[in-house]
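One structure is given here, and the rest of the page talks about it.
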Amino acid sequence: MSGFEGSTDADQAATLVAAVVTLIVFGGLFGERRLFGWTQHLFAGLITGYLVLLAITEVIVPRLVVPLAEDPVARPELWLGVGLLVTAAGAPWLPRLVAAVPVSIAIGGVAAFALGGAVVGTILPQLAASIARPGDDAVATVVSASAAIVSGLVLIGFVHGAPRGKVLAGASAAGRWLMLGGIGGWIGYLLLSRLVLMVDRITFLVVDWLGLGR
Amino acid sequence: MSETAVRLAAPIILVVALAAGILVDANARFEASATDRAAATRFDTVLDGLTPDSLVLVGFDADFGTYAEIRPSVRTLLADLLARDARLAFVSLTPEGRALALAERDRLMRLDPDLEADRIGDLGFLPGSEAALVTVARAIDGGAALGPPSDPVDLAETGLVLVVGGNDLGPRSWVEQVVPRIGPIPMVAVTPTILLPEVQPYLASGQLAALIATPIEGAAYRDDVAEATGGRLGELGGPSTLAVGFGLAIGIVWLLLALVRRMASSRPAREADRA
C-alpha cells in the first residue's frame, strides 16, 4: 500500500484519480495509445506547475526576495546573481562577449564541482580499492586479488584498435565476458525490481482502491 | 494463436495472475534466504553505532518511477531510526525528491501525532546540485545550521547520513561531494536496483558504510527489524511473494514461448538455404 493517502474527501478523490490514471496507463499494454498520451500530457502539466511552485516558494521568495527586501545592502552577492540572470535573459540582444559571462560561470561552476568530486570521491578511492592487498585472512586476500584481476581484465576489455598479441586479445575477451556476466546478473535483479513495481501498482488498484484483500 | 491474440493475452494473463497472487496471499511477504542477509547485517551494525538523540541527515532524492521498489525499506528504516531515538532532518536537492520527502514526512506526522516536530526536521529543497551538496557538507563539518530561517537545523550533531537515491543526485554525488568533507561520519544508502552497478563499488571501497540496493536485501532488512521490534513499528510489508512468483513464472514461460516460436519460424528458412 502506498500509505500516502489519509481519510479525507480530498485524499479519496486523489486515490480515485490515481486509480483511473493507472488503469489508463495499463491500457497502453493493450494498445490504447490516445488516452495514454493524454495522461503523459497531464503528468507534464502537473510537473511544470509543481516546478514553478517549488521555485517560487522554496527558492526565489525565501532565498532572494526576502533577504533583499529585509536588507538590500547586506547581500551584494544576490545582486550579482540578479545581474547575471538579467544578462542571461537578455543574451539575444547583448554583445556576445557579455552574454557569454553568465553561461561561462554556470558551466565553469558545475564542471569544477563535478570534475573535482569525480576525481577526489570516485577515481582515486576506486583505484585505491582495486589494488590487491593482504587481508585479515586468506579468503579476504584471495577476494582482494580476484577483484584486482577482474578490474584489470575488464579495463583491458576496453582496449580497441591497437595492434595486440594473443595474450592481450585473450585477456580482452575474458574482460568483456566478465563484464557481460556482471551486466547479466544486474539485469536479472532489474527484472525482479520491475516486477515488484508492477505488483505495487496492482496492489494499489486491488487493495487501496477496490478495498479487496484487506 | 494469432500475433494479435498473443499480444493481448499476455498482459491480461500477467495482470490477472498478479492480482490473484495479491488476493490469495496478501499477507505473505517477500522473504530473503540466510545468504542474502549480509547487506542487512551490515546496515544493522551501522545503526547500532548510533548514539541516542543522534541527528540523521536524510538526503531524500528518490524518483517517482522507482520509489515504490524501495518504499517499504525506506519506511522501515525511518521507523527504525525513530525507534532508536534518532532525530531526522530531511533535505532534497531535486524537485521529485522534495515532493516524496514531504509526502513521507507528512505520513510520519499523521501516523504518530505525538511525534515532536523537532524529531523530523525539514531543511527543504536546496537548489544548486553539487554546489548545494558542498554547502551541506560544510554545514556538517563546520557545525552550521541549515534550513528555513524560522526553523533551522544545526547539522553539527550529525551522526549518520542516509541517502535515499533514485534521482540524478543520488549516492554517487553524495559520496563525491560530501564524504571527503565530513570525516568519519558514516554514510548509508537505499537505492533502487537500477543504480546497483553505480553504487556497489562505493560499498566495496568503504565509502558507503552500508547499502540496500535490491528487493531481496530490502526484504532481509525488514525481516531483521520486524524480528527485533516484534512488529511494533507497524506496516513494514513489501510486495506479495506469490504475485512476484507468478510474475516470474509467466515471464519465464513467455521467454520460452518466444524462443520456440523463433526457432519454428527460422526452420523453414534454414531448410530452404540447405535445398
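At-a-glance table
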item: Matching entry among A:Val52, A:Val101 (being modelled with pLDDT of 90 or more, in a helix (DSSP H, G or I) and either loosely packed, with under 14 Cβ neighbours inside 10 Å or among the polar types (S, T, N, Q) (or both)); result: A:Val52
item: When residues of region B:110-149 are limited to those that are on the phi > 0 side of the Ramachandran plot and within 11 Å of chain A (Cβ to nearest Cβ), the one surrounded by the most Cβ atoms within 10 Å (Cβ to Cβ); result: B:Gly124
item: Tally, over region B:176-197, of residues that are more than 10 Å from chain A (Cβ to nearest Cβ) and either of a type in the set (Asp, Glu) or crowded, with 23+ Cβ neighbours inside 10 Å (or both); result: 4
item: Complete set of residues in region A:167-214 that are of a type in the set (D, E, K, R) and within 27 Å of the chain's Cα centre (by Cα); result: A:Arg176, A:Arg194, A:Asp200, A:Arg201
item: Residue that is farthest from the other protein chains (Cβ to nearest Cβ) [pool: residues in region B:150-175 that are in a strand (DSSP E or B) and modelled with pLDDT of 90 or more]; result: B:Gly159
item: Neighbours by Cβ (under 9 Å, 6+ apart or cross-chain): first from region A:69-82, part of a helix (DSSP H, G or I); second of a type in the set (Lys, Arg); result: A:Leu78/A:Arg63
item: Pairs with Cβ under 6 Å, 6+ apart, first in region B:34-61 and hydroxyl-bearing (Ser, Thr, Tyr), second crowded, with 21+ Cβ neighbours inside 10 Å; result: B:Ser54/B:Ala86
item: Residues satisfying the stated conditions in region A:112-142, i.e. more than 10 Å from chain B (Cβ to nearest Cβ) and surrounded by 14 or more Cβ atoms within 10 Å (Cβ to Cβ); result: A:Ala132, A:Thr141
item: Filter pass, B:Arg119 being over 21 Å from A:Ala128 (Cβ atoms), basic (Lys, Arg) and modelled with pLDDT under 90; result: yes
item: From A:Val25, A:Val59, residue being within 28 Å of B:Ala9 (Cα to Cα) and either within 11 Å of chain B (Cβ to nearest Cβ) or not hydroxyl-bearing (Ser, Thr, Tyr) (or both); result: A:Val25
item: Test: B:Asp106 is surrounded by fewer than 18 Cβ atoms within 10 Å (Cβ to Cβ), without any contact (Cβ under 8 Å) to a residue 24 or more places away in the chain and not in a helix (DSSP H, G or I); result: no
item: In region B:203-215, the residues that are touching a helix residue (DSSP H, G or I) at 6+ places or on another chain (Cβ under 7 Å) and more than 8 Å from chain A (Cβ to nearest Cβ); result: B:Leu208, B:Ala209, B:Ala210, B:Leu211, B:Ile212, B:Ala213
item: Residue tally, condition in contact with a Pro (Cβ under 9 Å, 6 or more places away or on another chain) and either of a type in the set (S, T, N, Q) or more than 16 Å from B:Ile250 (Cβ to Cβ) (or both), over region A:191-214; result: 3
item: Unique residue being in a helix (DSSP H, G or I) and farther than 18 Å from B:Pro197 by Cα when the list is A:Val159, A:Val199; result: A:Val199
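Quick grid of which residues meet (1) within 25 Å of B:Leu47 (Cα to Cα); (2) over 20 Å from the mean Cα position of the chain (by Cα):
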site	(1), (2)
B:Thr94	no, no
B:Ala101	yes, no
B:Asp106	yes, no
B:Arg119	yes, yes
B:Pro127	no, yes
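One line per residue, one yes/no per condition, for (1) within 14 Å of chain B (Cβ to nearest Cβ); (2) without any contact (Cβ under 8 Å) to a residue 24 or more places away in the chain; (3) touching a His at 6+ places or on another chain (Cβ under 6 Å); (4) surrounded by 13 or more Cβ atoms within 10 Å (Cβ to Cβ):
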| residue | (1), (2), (3), (4) |
| --- | --- |
| A:Pro95 | no, yes, no, no |
| A:Val110 | yes, yes, no, yes |
| A:Ala148 | yes, yes, no, yes |
| A:Ile156 | no, yes, no, yes |
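The values are calculated or read from the model by the stated rules, or taken from the named source; none is laboratory data. Worth saying up front: this structure is predicted, and the values here are computed from it rather than measured. We place every Cβ from the backbone using ideal geometry, glycine too, and count neighbours over all the protein chains shown.
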